[in-house]
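Chemist: Let me begin by handing over the structure; questions about it come next.
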Amino acid sequence: MTTDERGITPGRRLDPRLIDPMRLARRTVGRRQWRRGGTWHTLGEDGTVPEQRRRTADVVVDCAVYADGSRVASLPPREALAEARKHTGGFAWIGLHEPEAEHLTEIAEVFGLHPLAVEDAVTAHQRPKLERYGDSLFMVVKTIVFVEHEKLTATSEVVDTGELMIFLGADFVVVVRHGSAPGLTRVRHALESSPEMLAHGPSAVLHAIVDQVVDDYLDVADEVELDVDDLEADVFADSHRDDAERIYQLKRELIEFKRAVHPMARPLQRLSEEPDRLIGAEVARYLRDVADHLTHVRERLVGYGELVDGLLAANLSQLAVQQNVDMRRISAGAAILAVPTMIAGFYGMNFDHMPELRWSFGYPLMVGVMATLSFLCYRAFHRYGWL
């Protein structure tokens, strides 16, 4: 269990025997309060330390004001928006990590975010989409992270998805991150090192985030391609085994990948082709380039899907062929054994008058005949490819 900043484990009952009486007298007011670290704390009704709720500041990763292509100040959200509006073309960029409803509601009051968009941002598990609410845009982007594994198995996780919710206004960008979505620190640093791009305002932030997400798609597609190639080599290897479960697992992971990539095509098309005052013409040209990269990823995923389908069909075909080969070998062996069995069956009838019964060379002759006929059957089956 974890402990809070007071060194107390939430949910743990305090044992009075472990507390120094003198310290307890100095720190305790009544039975359910004590003073530690300059703050008064209260026990719950059941005598346990209550869970500490996160404050809005706890979910804020970074909040900064930008103007003229450079970072002006780092301030709390409310002050950041007020400071941004003091500068011509200034804007505030705030990043949040998995906020709860009350946190995002507080941010929404400051930035004037639409309640429906706020609800989507809190709930998460949304499809990639682009929506307009009054003077702001709301965009949902799915992120993809490649899960490292030595070799693909029937239970291997290949990709993991996260979500980014982007609120875009004339003087603000609010980004909400959920799940395994990677942090945007490198995006922020890259933009801060490019004042010319950052000078385009909030739309430049939107482009930088989407561009990084699509670049991650390309990187993950490269890793997935290696898994597809390894699986293809295993399916057509000489020592073939049943790879149906591994193929099916990779197919499921590809479907998850496609669910993140394919729905993004329409939002990017709208941003790059439909005129919008929040997205300038220059940024729209950059977004068209991102859309081209996304198309490339989609085409690769379609190719991987078709190849995996082909591998599944080839695997099943190979299993059927192998079963036929096994059946032919079994049938050939049974036919070879049927010859001596038939001859031995004749001489097991116990008739009094049968040829060679009392002849000295009768037994070796019959053994020779059995061996000769069995060898001839073997040669015939081998010539036809059954053995």
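The values are calculated or read from the model by the stated rules, or taken from the named source; none is laboratory data. Worth saying up front: this structure is predicted, and the values here are computed from it rather than measured. When we count neighbours, we look across all protein chains shown, and the Cβ atoms used for this are built from the backbone with ideal geometry, even at glycine. Surface accessibility is based on the protein's heavy atoms, side chains included, excluding ligands, DNA and RNA. Shrake-Rupley method; radii C 1.70, N 1.55, O 1.52, S 1.80 Å.
Chemist: Would you kindly derive the ³J(HN,Hα) couplings of region 167-184 from the backbone phi angles with the Karplus curve 6.51 cos²θ - 1.76 cosθ + 1.60 (θ = phi - 60°), listing them in order in whole Hz, with x for Gly and Pro?
Modeler: 9, 10, x, 5, 9, 7, 9, 10, 10, 10, 10, 10, x, 8, 4, x, x, 9
Chemist: If you don't mind, another one. Report, to one decimal in Å, the Kirkwood hydrodynamic radius for region 77-184 based on all distinct Cα pairs. Could the numbers behind the result be given before it?
Modeler: Details: mean 1/r = 0.0663 Å⁻¹.
For region 77-184, inverting the mean 1/r across all distinct Cα pairs yields 15.1 Å.
Chemist: At 1.4 Å probe size, with the rest of the protein present, what percent of the exposed accessible area of region 171-228 is carbon and sulfur atoms? Please report the intermediate quantities before stating the final value.
Modeler: Details: 990 of 1970 Å².
Carbon and sulfur: 50 percent of the exposed surface of region 171-228.
Chemist: Shifting gears a bit: LYS251 versus HIS189, label points 7 Å from Cα toward the beta carbon: distance in nm?
Modeler: Computed distance between label sites LYS251 and HIS189 equals 4.3 nm.
Chemist: If the viscosity is 1.306 mPa s and the temperature 10 °C, what Stokes-Einstein diffusion coefficient in µm²/s follows for region 253-297 when Rh is the Kirkwood radius over Cα pairs? Intermediate results must be reported in sequence, preceding the final value.
Modeler: Details: Rh = 11.1 Å.
The calculation lands on 143 µm²/s.
Chemist: Using a 1.4 angstrom probe on the protein heavy atoms only, line up TRP359, TRP93 by accessible area, largest first.
Modeler: Values: TRP359 125, TRP93 5 Å².
Ranked from most to least accessible, the order is TRP359, TRP93.
Chemist: Right, another one. Whole-Å semi-axes of region 291-369's equivalent ellipsoid, largest first, each the root of 5 times a Cα gyration tensor eigenvalue?
Modeler: Working: eigenvalues 867, 18, 3 Å².
Gyration-tensor ellipsoid for region 291-369: 66, 9, 4 Å.
Chemist: To continue, here is another question. Where the centre of each part is set by its Cα atoms, how far does region 199-263 sit from region 88-167, in angstrom?
Modeler: 21
Chemist: Further, regarding this structure: Could you compute how much accessible surface HIS262 exposes when probed at 1.4 Å, giving the result in Å² to the nearest 10?
Modeler: It works out to around 60 Å².
Chemist: What trypsin sites (Lys or Arg not before Pro) in region 233-311 are in a loop by DSSP, with at most 10 other Cβ atoms within 10 Å of the Cβ? Let's see the in-between values first.
Modeler: Numbers: sites: ARG241, ARG246, LYS251, ARG252, LYS258, ARG259, ARG270, ARG277, ARG285, ARG288, ARG298, ARG300; in loops: ARG241, ARG277.
Passing sites in region 233-311 are ARG277.
Chemist: Taking a probe of 1.4 angstrom, what is the accessible area of LYS151 in Å², to the nearest 10?
Modeler: Rounded to the nearest 10, that gives 100 Å².
Chemist: So what is the diffusion coefficient of region 102-160 in µm² per second by Stokes-Einstein at 10 °C and 1.306 mPa s, using a Kirkwood Rh over Cα pairs?
Modeler: On the way: Rh = 14.0 Å.
Answer from the Stokes-Einstein relation: 113 µm²/s.
Chemist: Along each principal axis of its Cα atoms, how long is region 201-269 end to end? Whole angstroms, biggest number first, please.
Modeler: Extents along the principal axes: 59, 17, 14 Å.
Chemist: So how compact is region 159-279: Cα radius of gyration and Dmax in angstrom?
Modeler: 19.0, 63
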